[in-house]
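The values are calculated or read from the model by the stated rules, or taken from the named source; none is laboratory data. Since the model is a prediction, treat every value here as computed from it, not as a measurement. Cβ placement follows ideal geometry from the backbone for every residue including glycine, while neighbour counts extend to all protein chains displayed.
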Amino acid sequence: MFFLIALTIGYVSRLAVLTLVLWIMIKLQKMNYNFLGLLGSAALASALEMIPYFGDYIAAAALGLCIWKVTGASIVPDVLFTVAVGYALMFAVQMMLITGLTPSLSSFRSHASDESGPPVSVAAAPATAPEPANQTDDSEPGKKAADEWLKGVTIKGTTENGVHSMILISVNQKNYTLVTDASIPVHTTNGTCRMRLVNVSEPWAIIEVNGENGYLRLH
């Protein structure tokens, strides 16, 4: 249920931002358009973006065709310019919203603690990541299965709030929000796995991958 709610919120926010930036770009270029066509184009592109791996490319191509039909403008350079700049502005707005939201969520720490009763003790991450077991001198140091899944995963933002912490990660040109309440499917270069945030403790974020803990450096 939590995953469906997060998915819906992500889709609606992406649709709203994309519609706004496309409308601004079209108005600035004084193109002909109708709002329902513009809204439908943004809705289709936002849905296609959620397809794993190739969703961004499919969405960009579909959006270009839709904007071409809606505006009747030339594909080069008007439509390509509108789509390229529109996606760039959408990414910038999303980053601004995430950056602005992070300190706001952190400000609820004391309020959340008062309502949820005594603080829950969570084991802190070690200062250095634990050495993997079964290493040999004549072979490359092994990695935990969780750490193998976490290769190529980067942290884009964090909100430290005890058991209510959350982080924003990026992998395969996709952003995912990990929380402590539920695991979500994440599409990595090694395939699809389920990830859940266990704890955030400088300088590490502890991520549960398919039931096993791994470590990501925060900075």
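For the stretch 162-179, enumerate the residues that are in a loop (DSSP other than H, G, I, E, B) and surrounded by fewer than 18 Cβ atoms within 10 Å (Cβ to Cβ).
Taking the stretch 162-179 as the starting set, the residues that turn out to be in a loop (DSSP other than H, G, I, E, B) are 165, 172-173.
Hits for the stretch 162-179 are Asn172, Gln173.
I'd like to verify a number: residues in the stretch 202-219 that are touching a helix residue (DSSP H, G or I) at 6+ places or on another chain (Cβ under 8 Å) and part of a strand (DSSP E or B), how many?
Start the filter on the stretch 202-219 by keeping residues that are touching a helix residue (DSSP H, G or I) at 6+ places or on another chain (Cβ under 8 Å), which leaves 207-210, 212-215.
Subsequent filtering for residues that are part of a strand (DSSP E or B) retains 207-209, 212-215.
Residues flagged as touching a helix residue (DSSP H, G or I) at 6+ places or on another chain (Cβ under 8 Å) and part of a strand (DSSP E or B) within the stretch 202-219 amount to 7.
Does Gly117 qualify as being under 28 Å from Ile5 (Cα atoms), of a type outside the set (Lys, Arg) and modelled with pLDDT under 50?
Answer is yes for this residue.
Which one of these is at pLDDT below 90, of a type outside the set (Ser, Thr, Tyr) and farther than 15 Å from Ala84 by Cβ: Leu7, Leu22, Leu18? Spell out how you get there, then give the answer.
Details: Leu22 fails: farther than 15 Å from Ala84 by Cβ; Leu18 fails: farther than 15 Å from Ala84 by Cβ.
On inspection, the qualifying residue turns out to be Leu7.
Tell me which residues, restricted to the stretch 31-52, are buried (at least 16 other Cβ atoms within 10 Å of the Cβ) and within 14 Å of Ala62 (Cα to Cα).
The answer is Leu38, Leu39, Ser41, Ala42, Ala43, Leu44, Ala45, Ser46, Leu48, Glu49.
Which numbered condition trips up Glu49, out of (1) in contact with a Ser or Thr (Cβ under 7 Å, 6 or more places away or on another chain); (2) at pLDDT 80 or above; (3) closer than 24 Å to Thr158 by Cα?
(1)
So which residues in the stretch 1-53 are touching a residue at least 24 places away in the same chain (Cβ under 8 Å), among the aromatic types (Phe, Trp, Tyr) and out of contact with any strand residue (DSSP E or B) (no Cβ under 8 Å at 6 or more places or on another chain)?
Residues satisfying the conditions are Tyr11, Tyr33.
Would a scan of the stretch 145-152 turn up a residue that is buried (at least 17 other Cβ atoms within 10 Å of the Cβ), of a type outside the set (A, V, I, L, M), at pLDDT 50 or above and over 17 Å from the mean Cα position of the chain (by Cα)? Working first, answer last.
Here is the first cut: in the stretch 145-152, the ones buried (at least 17 other Cβ atoms within 10 Å of the Cβ) are 146-147, 149-150.
If we keep only those that are of a type outside the set (A, V, I, L, M) as well, we get 147, 149.
Subsequent filtering for residues that are at pLDDT 50 or above retains 147, 149.
Filter again for over 17 Å from the mean Cα position of the chain (by Cα), leaving 147.
Yes, some residue in the stretch 145-152 is buried (at least 17 other Cβ atoms within 10 Å of the Cβ), of a type outside the set (A, V, I, L, M), at pLDDT 50 or above and over 17 Å from the mean Cα position of the chain (by Cα).
So which residues in the stretch 1-30 are closer than 25 Å to Val76 by Cβ and surrounded by fewer than 17 Cβ atoms within 10 Å (Cβ to Cβ)?
Leu20, Trp23, Ile24, Lys27, Leu28, Gln29, Lys30
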